[in-house]
Amino acid sequence: VGEGCGKFLNDLLRRNEFCEVTIIDSSSEMIRIQKQLILPKDIHRVSFYCISINEFIVDRSFDLICTHFFWDCFSYKEIFTFLPHCMNLLKNDGFWINSDFIDSEDRVLCPNYLKIRVMYWFFRISTRISARKVESFYHLTIKNSLQLIDYDEIRTGFIKSEVFKKIA
Ligand SMILES: C[S@@+](CC[C@H](N)C(=O)[O-])C[C@H]1O[C@@H](n2cnc3c(N)ncnc32)[C@H](O)[C@@H]1O
């Protein structure tokens, strides 16, 4: 969801020669770039939907949902509305991988906190997103029946990756 320029998609298809992928991205330009990046032999394994996640309706559910630097585009209120809809797309016992910046009030003295403020200033002007900070997906997920099973941080606490499992 919100795959952007397709780097992750390309890597996923390369590492897993059998997986089938559904891309949901509201930007037709991003989908055009993704299609250019993937190898012709893999195109039949990918379904592209140029649509906002809250409008995506399908009569099946998925083994894995990936959101990389996606939730940082949205306010708490927006995530709170989108998340239950996304949860319905995930199978029971399915996995969810989420990566994003670590933006915490506890880290105001950390240089990363300032870097994130500058990034938001730029993105709010250039893309008109309504978010002002990276909301804690983790705290929202608990309410939505996802259990954290793995966590890692890189670049001295700048970026995190979380793996969740949907509990039935
Ligand atoms: C910050 S970019 C992240 C791109 C990529 N995942 C990455 O890690 O570089 C956010 C992506 O989400 C897409 N997007 C924004 N709002 C969306 C929405 N409501 N539904 C689906 N995709 C959306 C944008 O078009 C963009 O590709």
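The values are calculated or read from the model by the stated rules, or taken from the named source; none is laboratory data. Note that this is a predicted model, so its numbers are computed, not measured. In this analysis, Cβ positions are derived from the backbone assuming ideal geometry, glycine residues included, and neighbour counts consider all displayed protein chains. To get the accessible areas, we keep the full protein, side chains included, count just its heavy atoms, and leave off ligands, DNA and RNA. Shrake-Rupley method; radii C 1.70, N 1.55, O 1.52, S 1.80 Å.
Out of the residues in the range 86-106 that are part of a strand (DSSP E or B) and within 12 Å of the ligand (Cβ to nearest atom), state the one that is farthest from F8 (Cα to Cα). Among residues in the range 86-106 that are part of a strand (DSSP E or B) and within 12 Å of the ligand (Cβ to nearest atom), the one farthest from F8 (Cα to Cα) is F101. Flag: D72 does not match the condition of being touching a residue at least 12 places away in the same chain (Cβ under 8 Å), surrounded by 14 or more Cβ atoms within 10 Å (Cβ to Cβ) and in a loop (DSSP other than H, G, I, E, B). Filtered by the rule that a residue be within 12 Å of the ligand (Cβ to nearest atom), touching a residue at least 24 places away in the same chain (Cβ under 8 Å) and either among the aliphatic types (A, V, I, L, M) or surrounded by fewer than 16 Cβ atoms within 10 Å (Cβ to Cβ) (or both), the range 32-50 gives I33, C50.
Restricting attention to the range 135-154, the residues that are more than 17 Å from the chain's Cα centre (by Cα) and assigned to a helix (DSSP H, G or I) add up to 1. Residue pairs whose Cβ atoms lie under 6 Å apart, sitting 6 or more positions apart in sequence or on different chains, and linking a residue in the range 117-134 that is in a helix (DSSP H, G or I) to a partner that is open to solvent by less than 60 Å² (accessible area, probe 1.4 Å) and of a type in the set (A, V, I, L, M), are F123/I129. The set of residues in the range 113-137 being open to solvent by less than 60 Å² (accessible area, probe 1.4 Å) and more than 21 Å from T67 (Cα to Cα) consists of Y113 alone. With respect to being in contact (Cβ under 8 Å) with a residue 24 or more places away in the chain and open to solvent by 50 Å² or more (accessible area, probe 1.4 Å), R107 fits the description.
Suppose the filter is within 15 Å of the ligand (Cβ to nearest atom), among the hydrophobic types (A, V, I, L, M, F, W, C), part of a loop (DSSP other than H, G, I, E, B) and crowded, with 18+ Cβ neighbours inside 10 Å; does V1 pass it? Yes.
Looking across L9, L83, one residue alone is modelled with pLDDT under 95, within 25 Å of T141 (Cα to Cα) and either within 12 Å of the ligand (Cβ to nearest atom) or within 13 Å of the chain's Cα centre (by Cα) (or both). It is L83. Quick check: anything in the range 13-26 closer than 24 Å to S126 by Cα, open to solvent by 80 Å² or more (accessible area, probe 1.4 Å) and either among the basic types (K, R) or more than 16 Å from the ligand (Cβ to nearest atom) (or both)? No, the range 13-26 has no match at all. Restricting the range 51-69 to residues that are assigned to a strand (DSSP E or B) and of a type in the set (A, V, I, L, M, F, W, C) leaves a set whose member that is nearest to the ligand (Cβ to nearest atom) is C66.
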